[in-house]
Structures are given as C-alpha cells and as structure tokens.
1. Looking at segment 236-255 only, could you name the residues that are among the aliphatic types (A, V, I, L, M) and either touching a residue at least 12 places away in the same chain (Cβ under 8 Å) or outside any helix (DSSP H, G or I) (or both)?
2. Does segment 267-282 contain any residue that is modelled with pLDDT of 90 or more, surrounded by 11 or more Cβ atoms within 10 Å (Cβ to Cβ) and on the phi > 0 side of the Ramachandran plot?
3. Of the residues that make up segment 286-303, is at least one in contact with a Pro (Cβ under 8 Å, 6 or more places away or on another chain) and either of a type in the set (A, V, I, L, M) or modelled with pLDDT of 90 or more (or both)?
4. Inside segment 214-229, can you point out the residues that are outside any loop (DSSP other than H, G, I, E, B) and either under 15 Å from residue 163 (Cβ atoms) or among the hydrophobic types (A, V, I, L, M, F, W, C) (or both)?
5. Among all residue pairs at least 6 apart or on different chains, which show Cβ distances below 7 Å where the first residue, located in segment 342-362, is closer than 24 Å to residue 330 by Cβ and the second is of a type outside the set (Gly, Ala, Ser) and not in a helix (DSSP H, G or I)?
6. Looking at (1) surrounded by 14 or more Cβ atoms within 10 Å (Cβ to Cβ); (2) touching a residue at least 60 places away in the same chain (Cβ under 8 Å); (3) within 25 Å of residue 321 (Cα to Cα), which one does residue 14 not meet, given that it meets all the others?
7. Take the residues in segment 127-174 that are touching a Ser or Thr at 6+ places or on another chain (Cβ under 7 Å), surrounded by fewer than 17 Cβ atoms within 10 Å (Cβ to Cβ) and not charged (D, E, K, R); name whichever of them is nearest to residue 253 (Cα to Cα).
8. Has segment 271-278 got any residue that is in a loop (DSSP other than H, G, I, E, B) and farther than 18 Å from residue 358 by Cα?
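The values are calculated or read from the model by the stated rules, or taken from the named source; none is laboratory data. All values reported here derive from a predicted model rather than from experimental measurement. Cβ atoms come from the backbone with ideal geometry, glycine included; neighbour counts cover every protein chain shown.
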Amino acid sequence: MMSSYIILPYFYSYAFYTLTESISPLLFIFFLYFLLKANNREKDKVLNYAIASFFLGYAILTRPYMGLAGLILLYFLNKDYPITQKLQHLKTNFLIFAVAGVMLMTWAVRNWLITGKLVFLEKATHPENLDRVKPEFNALWNFVKCWEPDGDKMNEIHLGMFYAAIKKGDTSQVYREKFVAKIPNYITQIIDKTEINQSLIAYQTLLLSQKPYFDKNIPMPSEYTAEQWKVAALFDGFVSRFKQRYPFRYYVLNPLKQLGLIVLHSNTAHIYCFQEPFRHIQILNIVRYCLVVFHISLYVIMFLNLWWIRTNFKETLIVSITPLLLVLFFMFIFQAVEQRYMLPFLPALFVGLGFFLQKTNLVDKTIKLCKSLTLKTNDSLSAT
C-alpha cells in the first residue's frame, strides 16, 4: 500500500503547493501512526496519545472538517481509559484532548492579537474580506446548486459577471443573459426568467456599491449590510420554491450528484499534463483513466469494508466509518466539493484497501492464478 501511496500522484503532486493539501494528508498519517502506536503498546501510551492529539489539533487548523478524526481518538482513548470506570481515566482523557485544545486556543490568541477579535480558526469568510464570498454570493451559489453542483461550472457563469462589475463597473445585460441561459427549463417553469433577471440586477448593483473598496484595496464594512441580506433573501426564496416543487431532486438527486463529484474523477485536476491541451496524447489518457478506476475502487472498498472487517470496530472506524461520515457531510451539508477536499482522508482509504486485500486473500489468489496460467501455458508449449 505504501508503494501505491508513493507512486500515485494523488499526494506527492501537491508537495510544492501552498494549499493546505500539501500537508493535511501527512498530518492525518502522523495522527494515525501515533494513535495506533499508543493503542498497541503500553510503553509511553499517554505520551503517544498526546502526540496524536497534537497532530489532530494541527490537522483541524489546516482543515476544520478534519475534526471528524476526533471520533477515532475518542473511541481509542475510551477503550484504554474508560471514562465510566475511574475518575483518573476521565482526567487522562481530558488531558490528552487538551493538547489539541491548546493548539486551537493558541491560534485563537494569535488571531486576537492581530485582529482584536475572537476567531478560533482561520476565518475564511468575513465581512471585511475583499472577495466574492459574501451572503449574497452564498445564496446565489445555493440557487445554482439546485441544478449544477460543479463549482467549476458555477465559476464559468459567475466570475465574468463578478469581475466585470468589480473591476470595470460593467453591469451589462449580456452577463445576466449568459447566466439565465444556463438555467434548465424545469427551473424556469417555477421561477420566471424575468424574476431571476431582476434578482441578478440587484446583485450587480450590490457589486457596484462594493467596487470602491476593491479599487482602494481597503477592508469592507465590519458587518454585512442590510442590502446584502436583502439580495441574499431573493436567491434563498428561489431555493425554497425549488425544494417545495422538486423535493426528490433537492434531497436525493442533488446529493447523488455531489457523490459523483467526490468519487468519479482521477484526482488530477491540478496536474497540467492531464488537462484538455494534452488529451490527444493517448498514454496520458490511459494513465488518467487508470487513476479514475483506482480512485473509484477506493470508495467501493470503503463500503465493502463495512462488511469485511465489521468484527473489528477500530479498523472499521478508521477506514470506513469516518471517511463515510465526511462523504455524507459533503453530500448533504457543505455541498461545495472540490477534488482536493477528500484528500486528507484518502490515506485511511489506502489502509482500507490493504485490509480488504488481506481479508479477501486477493493477492494470494491472484498470484496462484498467474502461476497456474503460466504452468498451463508452458505445458501447452511443451506439447506442441
């Protein structure tokens, strides 16, 4: 399994990126290493648990949703130090988890010294940011997700409108027409195109009011304005009407589309040689398709492991349950998936692949089959 981890570009291709994905998988690996070391050895058990907690806290700082791995730490700790038996065990649990807590509180203090505000994690979105991620954009994005979950395609229809208004002060009808043209007929049957167009005009007008902050490169107001919430309410209303008219699409089909975005890809969207300009090179296409098949197989095996290693809950928790909870989180709650978002938990799926091969003896069976075919081929050649 380690050879697969090293050979496949899922991880090492991020090594020189400034994104958190360059370190988050390693943080998860270190967390698992010290966690299993603590669980399997009596020597320095508490110390190893504390180190695992340190890496968990560090991982949460890079990607907050990695806090899901805390479920693994909590279960392992409770097995070694049952909190229902002795007060001393409760103290041990608390002290070990406190290591991760201290990491997060230290970061909060650092943020307070810089901003004068209590910010526990890196605050990606806030009113003063000079970016598009504001209530009005979030509501517009939620509306688009009613029919199109792919963020790249959302960018295709939104960024042109956004930058035209912010950089050029251009709020032309052409940008609204491009946007409306992407909306399926079953949407416009319940929400009139004229109504959508009026909402987009309100959105463009709001962008114009924000343009001076971008021009002068100064922070925007410290609180979201009433106008921002008003525009957001327009698109939220569209989403509510969509839910009422198409509940199956919203609560079933759309999450399944999100699942497709999570699983059905090669995990190479960030690698230039696998993109459109090079799709005519067959060897690169073959490699990309192999990576697609391998990536899909990791998730298939994640589900299969719920059955194959169900007798060992610790293993199942690591390689199936926790990654599955993250998949469900992206399917039903966050619903804004990029390929790299599952990357921190992919090491657990690699471990799960190892468990699966071990439990099913597929490697031994494959070797025996190859030997058998080789012998039959040799016998046939000798007979001729």
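1. Step one: filter segment 236-255 for residues among the aliphatic types (A, V, I, L, M), giving 239, 252-253.
Answer for segment 236-255, where residues must be among the aliphatic types (A, V, I, L, M) and either touching a residue at least 12 places away in the same chain (Cβ under 8 Å) or outside any helix (DSSP H, G or I) (or both): just 239.
2. Yes, that holds for at least one residue.
3. yes
4. The answer is 214, 215, 226, 229.
5. Taking only residues 6 or more apart or on different chains, the pairs are 344/63; 350/1; 351/1; 353/1; 355/309.
6. Checking residue 14 against (1) surrounded by 14 or more Cβ atoms within 10 Å (Cβ to Cβ); (2) touching a residue at least 60 places away in the same chain (Cβ under 8 Å); (3) within 25 Å of residue 321 (Cα to Cα), the one that fails is (3).
7. 133
8. Step one: of segment 271-278, the residues in a loop (DSSP other than H, G, I, E, B) are 271, 275.
If we keep only those that are farther than 18 Å from residue 358 by Cα as well, we get 271, 275.
Yes, that holds for at least one residue.
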